[in-house]
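One structure below.
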Amino acid sequence: MPDGDDIHSVHRIAGEFQRSTYSIFEDSREKDIALWQPGTVVEDIQSLPSPREAKQRAESFLSLANSCDLAVAPEWSYSVDWVRDHNELFANESPLFVLGCRPVEIEEIRETLENLNEDFRVIGEDLPDEPGKEFVTPTIIPLRADALDGVDDPIIVIQYKTYPMSEGANPNEADNLALGSRIHHFGPSSGPGIVVWTCSDLLNEDLRDQVITYAQRGNIVVHPQCNPEPFHPEWTDFRSRIFNNRNDVTYVCANWGNVPGVDEDEVQWGYSGVYQKAQKWSSLVNYDRTYNNAGLHGASLSNHAEYVWTLVDDGVSKLRVRREGNSSAPAQARRPEPQILSTSTWGGSAYDEPPGRIDECGCEVCDNCDCQECSNCSRLERQRQLPDTPRDAELVTAVTLWRLEVDEMDGLDTRWDVPLAALKNLQGNGDEELGHSFAVHEHRRGNSVEKNSRRLLETFQAASEGYGRSVDPAGRCGPLDIPINATDNGERGVDISLSRLDDPTAGTRRQRLTDIAKLWIHQEQRNFKPLVLMVSAAETQLEGIDGLEDVTNGKVEPEDITASGSQVKFVEVNR
């Protein structure tokens, strides 16, 4: 239960909140969350935004959310006066809905509230009416009548944005928004609950500190927004702070996929998703499902949190995350395993189309072009050579370019899986940027996708030349295959671990030897041949490891490499 001055508990205002009314508050670990990420044209964006076909989209979103525990629509997407038309908001077994609404002129919302009071119990502060201000931006949370003791009518909790967007982002809002003064907490008097705030409420410093304190106690923060900069330092710093503890923190954000007609160089929009504290790192078991539903995984090592984003421009995604819950659980059950279960994109009259593939080009050549340049581009050649599944292709590349956090591969000890945090591509930096090998998205870090494809193909080609036979990417590369990512397709069919080391020094060469040895001892039932392509300005040289040229030889321990006077070393490969 929050104790901040600006966070008001609904159960203290109107009656005890019944835990069993909404499944999001029950002790079950897995929580399903529907996120609406719209992308329609928005008219009068700098005054009172009016999205086209918004009600039709809203109704499709509501119909898709009915099997979830929580459903969130972003700021600007819903309209308060639609509540009367949507009985599903109050249906038995409905999710808890959090609906960000478009701005409304003060006199209009006053009349709307008067009408709603005839059929609903409306909970909220008095309507802000500051001199010279013109409108408010509401967020509403509809509740069934049985959610609160002593309440007989369906309930609408309404709160108003407490802080405007900046002058540069929306000057009309900065000048004319009438500000609310509180937000609300939902849930029973004991146990985890939910606090809801809207977009630039985060810039309200006093409120932000209260929300951070509340979140750090192991609660859920729901944040509808219409945000062209979802990774602004204020936002990433906030997320860093709420996860800087050991409790079961969850952060849910719903944003617009894009707003056509807004032509700004730095606009990113999108990246609706779920962030969850990870007591144990999740596995890669759900990577393909999320990727094929137009989403990406990420992990923050410094805060021990994981997240999953949806990349669609106009769609509804169902996400699943596992909260730790109140009872004890084995280590594997304490992994949050965030994932996207399904995504539906706008088909003209409803969200009923499957998502397109995540763009994997990265070059300026059109994907649909049949010209000679396209047919010879490295992207197409890379796709032809690598495994078909996104996870296996990512793993082959992670081993080849050695984007591995070997010390995080504790899952290999128990042979259950390799954690997300073991792949550097999936690790977010302080700005939450990710570097998936081939997924094109705006919040990337590191090498471009085109460069990744080129370096990968060059590595296999140079290794084949140095080896004297074709070294090809493995047809599959599951987490427990690491570091085996290639095969000698000659008569022997030897398993190979091929990796690249750019600008090698004595220190990086020894570190690579140590890393390979650590992974070598985990492959107790499977021998393989380690090969490392040393690439420098002077030469490119394929090298093996002394004593491991024959895969039938014994194991090498990491201490054999790090010990003083060790004879384990790289040697030139015999063709």
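The table below lists the values:
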read-out: Hey, TYR251 modelled with pLDDT of 90 or more and either under 19 Å from VAL41 (Cα atoms) or buried (at least 24 other Cβ atoms within 10 Å of the Cβ) (or both) or not; value: no
read-out: Residues of the stretch 315-330 satisfying the condition of being under 23 Å from ARG391 (Cα atoms) and either at pLDDT below 95 or of a type in the set (Phe, Trp, Tyr) (or both); value: ARG322
read-out: Hey, LEU127 in contact with a helix residue (DSSP H, G or I) (Cβ under 9 Å, 6 or more places away or on another chain) and crowded, with 22+ Cβ neighbours inside 10 Å or not; value: no
read-out: Residue within the stretch 254-271 that is modelled with pLDDT of 95 or more, open to solvent by 10 Å² or more (accessible area, probe 1.4 Å) and in contact with a strand residue (DSSP E or B) (Cβ under 9 Å, 6 or more places away or on another chain) present; value: yes
read-out: Within the stretch 464-495, considering residues that are basic (Lys, Arg) and in contact with an Asp or Glu (Cβ under 8 Å, 6 or more places away or on another chain), the one most open to solvent (accessible area, probe 1.4 Å); value: ARG476
read-out: Residues being over 16 Å from ALA147 (Cα atoms), of a type in the set (Gly, Ala, Ser) and at pLDDT 90 or above - total across the stretch 172-199; value: 3
read-out: Qualifying residue in the stretch 16-31 (condition: open to solvent by less than 10 Å² (accessible area, probe 1.4 Å), closer than 23 Å to ASN293 by Cβ and of a type in the set (D, E, K, R)); value: yes
read-out: Selection count where residues are closer than 30 Å to ASP314 by Cα and either in a helix (DSSP H, G or I) or in contact with a helix residue (DSSP H, G or I) (Cβ under 8 Å, 6 or more places away or on another chain) (or both), scope the stretch 196-238; value: 23
read-out: Where a residue in the stretch 458-475 is free of Cβ contacts under 8 Å to residues at least 40 places away in the same chain and its partner, wherever it lies, is surrounded by fewer than 17 Cβ atoms within 10 Å (Cβ to Cβ) and of a type in the set (Gly, Ala, Ser), with Cβ under 7 Å and at least six apart; value: SER464/SER470; ARG469/GLY490
read-out: Those residues of the stretch 200-225 which are in contact with a strand residue (DSSP E or B) (Cβ under 6 Å, 6 or more places away or on another chain) and either farther than 22 Å from ASP431 by Cα or modelled with pLDDT under 95 (or both), in sequence order; value: GLN210, TYR214
read-out: Where GLN216 falls short, out of the listed (1) open to solvent by less than 10 Å² (accessible area, probe 1.4 Å); (2) within 22 Å of the chain's Cα centre (by Cα); value: (1)
read-out: Pairs where the first residue, in the stretch 112-129, is assigned by the TED database to the domain that holds GLY180 and the second is assigned to a loop (DSSP other than H, G, I, E, B) and hydrophobic (A, V, I, L, M, F, W, C), C-beta under 9 Å, 6+ apart; value: LEU113/LEU127; ARG121/VAL151; LEU127/ALA178; PRO128/ALA178; PRO128/LEU179; ASP129/ALA178
read-out: Checklist (1) touching a residue at least 12 places away in the same chain (Cβ under 8 Å); (2) open to solvent by 10 Å² or more (accessible area, probe 1.4 Å); (3) not in a loop (DSSP other than H, G, I, E, B) applied to GLY191, failing item; value: (3)
read-out: Leading residue by the ranking (nearest to SER20 (Cα to Cα)) among those in the stretch 138-163 that are open to solvent by 10 Å² or more (accessible area, probe 1.4 Å) and not in a loop (DSSP other than H, G, I, E, B); value: ASP146
read-out: Residue that is modelled with the highest pLDDT, among those in the stretch 360-375 that are open to solvent by less than 70 Å² (accessible area, probe 1.4 Å) and part of a loop (DSSP other than H, G, I, E, B); value: GLU360
read-out: Residues that are surrounded by 24 or more Cβ atoms within 10 Å (Cβ to Cβ) and among the β-branched types (Val, Ile, Thr), drawn from the stretch 32-43; value: ILE33
read-out: Residues of the stretch 286-304 that turn out to be closer than 14 Å to LEU434 by Cα and either aliphatic (A, V, I, L, M) or touching a strand residue (DSSP E or B) at 6+ places or on another chain (Cβ under 6 Å) (or both), as a count; value: 6
read-out: Any hit, the stretch 161-179, residues being in the same structural domain as LEU35 (by the TED database) and farther than 29 Å from SER50 by Cα; value: no
read-out: Total residues in the stretch 448-474, condition part of a loop (DSSP other than H, G, I, E, B) and touching a Ser or Thr at 6+ places or on another chain (Cβ under 8 Å); value: 2
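Table: residues versus (1) closer than 22 Å to VAL321 by Cβ; (2) touching a Phe, Trp or Tyr at 6+ places or on another chain (Cβ under 6 Å); (3) touching a residue at least 40 places away in the same chain (Cβ under 8 Å).
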site	(1), (2), (3)
ILE7	no, no, yes
GLY15	no, no, yes
GLU30	yes, no, yes
SER50	no, no, yes
ASN66	yes, no, no
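The values are calculated or read from the model by the stated rules, or taken from the named source; none is laboratory data. What you see is a predicted model; the values in this text were computed from it and never measured. With ideal geometry, Cβ positions are generated from the backbone for all residues, glycine too; neighbour counts draw on all protein chains shown. Heavy atoms of the whole protein, side chains included, go into the accessibility calculation; ligands, DNA and RNA do not. Shrake-Rupley method; radii C 1.70, N 1.55, O 1.52, S 1.80 Å.
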